[in-house]
Every structure is written in C-alpha cells, then in structure tokens.
Amino acid sequence: DDHSYNNNRNNEKIKKLLKHIHSNLHRDISLDELSELSGLSKYYLSREISRITGIPFVQYTKLIRCEKAKQLLKEQNTPIGDVCKRCGFSDLSYFSKTFLRVVGVTPTVYRNKNAHQLIK
C-alpha cells in the first residue's frame, strides 16, 4: 500500500531529522532548515515532530538542549558560559531562564547539587 510506504519513509526521515537536531544542539536549528533537508513541508514536520515526541518542536529543542546542559554541568570544570554556547543558547540570561523553566532550578543550583553528589 502506497500510503503506508510513504508514512514509513517519512517516519524514517523524521527520525533522521531528530538525530540531526541532537547532533547540532550547539547552533540554531529551524523548521525551515529541517524542511530543506528532508523535502517535507515545515507544517507537516511540525505536526509529525509533535506527534512523535509528544511536544511542539520549539519545546522539544529546549528540552534536549537542557538535557545536554545537565550533562555538561555535571562536568565541574566546564564554565557555565561554555555550557550555554555548546547547547545553542544565544545568551546566558535566556539560558538560565529556560533551564529554570525546564529543569526547575538554575544552572548554578543544578551544578552545586550535583557537585555534592559526586563527592559521596
């Protein structure tokens, strides 16, 4: 059946795009870029990414950027400014606000909490 073949092909494309997002967290990624890469419309991509991840594209990118930031913050020697850049946040205050909204604490508090856990 042609329809299910196309759906499977599109699902594979979307999985590849999600990997692309994960590999490029250090820079801004737009639906336009993903649309160009895949040949799928950005409206379709937006809907499919929401369906697959359970959250809208913009929220998804914020969430995985914060997940990467959490990993980097556990490395005590990485300055918070570097964590911010490596996770694709444009400035420190936006990073702090977003991290606080997503994780529930500021990057500094998160780092300090984890520093104590590493000692145990």
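The values are calculated or read from the model by the stated rules, or taken from the named source; none is laboratory data. Because the structure is predicted, anything quoted here is derived from the model rather than measured. Neighbour counts are summed over all protein chains in view; Cβ atoms, including those assigned to glycine, are modelled from backbone coordinates with ideal geometry. To get the accessible areas, we keep the full protein, side chains included, count just its heavy atoms, and leave off ligands, DNA and RNA. Shrake-Rupley method; radii C 1.70, N 1.55, O 1.52, S 1.80 Å.
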Quiz item: Considering only protein heavy atoms and a 1.4 Å probe, what is the carbon-and-sulfur percentage of the accessible area of the chain?
Solution: 52 percent
Quiz item: If you keep only loop residues by DSSP, which trypsin sites (Lys or Arg not before Pro) in the stretch 22-62 have at most 11 other Cβ atoms within 10 Å of their Cβ?
Solution: Arg27
Quiz item: Taking the Cα centre of the stretch 45-96 as the origin and placing charges on Cβ (Lys, Arg +1; Asp, Glu -1), which of Ile55, Gln76, Gly88 is farthest toward the positive end of the dipole?
Solution: Ile55
Quiz item: What lysines could a cross-link reach from Lys74, if we take a straight Cα to Cα line under 26 Å and drop same-chain neighbours fewer than 8 places away?
Solution: Lys19, Lys62, Lys85, Lys97, Lys113, Lys120
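Tell me the chymotrypsin sites (Phe, Trp or Tyr not before Pro) within the stretch 1-60 that lie in a loop according to DSSP and have at most 12 other beta-carbon atoms within 10 Å. Before the final figure, lay out the partial values.
Values: sites: Tyr5, Tyr43, Tyr44, Phe57, Tyr60; in loops: none.
When the chymotrypsin sites (Phe, Trp or Tyr not before Pro) of the stretch 1-60 are filtered for loop state and at most 12 Cβ neighbours within 10 Å, nothing remains.
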Quiz item: Under a straight-distance cross-link criterion of Cα-Cα below 19 Å, which lysines are reachable from Lys13, leaving out those fewer than 8 residues away in the same chain?
Solution: Lys42
Practice problem: Rounding to the nearest 20 debye, state how big the charge dipole of the chain is about its Cα centre with +1 on each Lys and Arg Cβ and -1 on each Asp and Glu Cβ. | Solution: 580 debye
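Multiplying the sequence separation of Thr106 and Asn7 by 0.36 nm and subtracting their Cα-Cα distance, what value in nm do you get? Mind showing how you got there, number by number?
On the way: separation 99, 0.36 × 99 = 35.64 nm, distance 4.05 nm.
Length gained, Thr106 through Asn7: 31.6 nm.
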Quiz prompt | Solvent-accessible heavy-atom area per residue, rounded to whole Å², over the stretch 24-90 at 1.4 Å | solution = 55 Å²
Exercise. Calculate how steeply helix 42-53 sits against the longest principal axis of the alpha-carbon atoms of the chain, using the helix alpha-carbon long axis, and give the answer as 0 to 90 degrees to the nearest 10.
Key: 60 degrees
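If I take R0 = 35 Å and measure r between the Cβ atoms of Ala115 and Leu63 in this structure, what FRET efficiency does the formula 1/(1 + (r/R0)^6) give, to the nearest 0.05? Please report the intermediate quantities before stating the final value.
Details: r = 24 Å, r/R0 = 0.68.
Calculated value: 0.90.
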Quiz prompt | Label of the coordinate-derived value, volume of the Cα convex hull per residue in Å³, listed as [x] 91; [y] 111; [z] 209 | solution = [y]
Quiz item: Can you list the residues of the stretch 85-105 with backbone N under 15 Å from a point 7 Å past the Cα of Gln71, pointing along Cα to Cβ?
Solution: 86-88
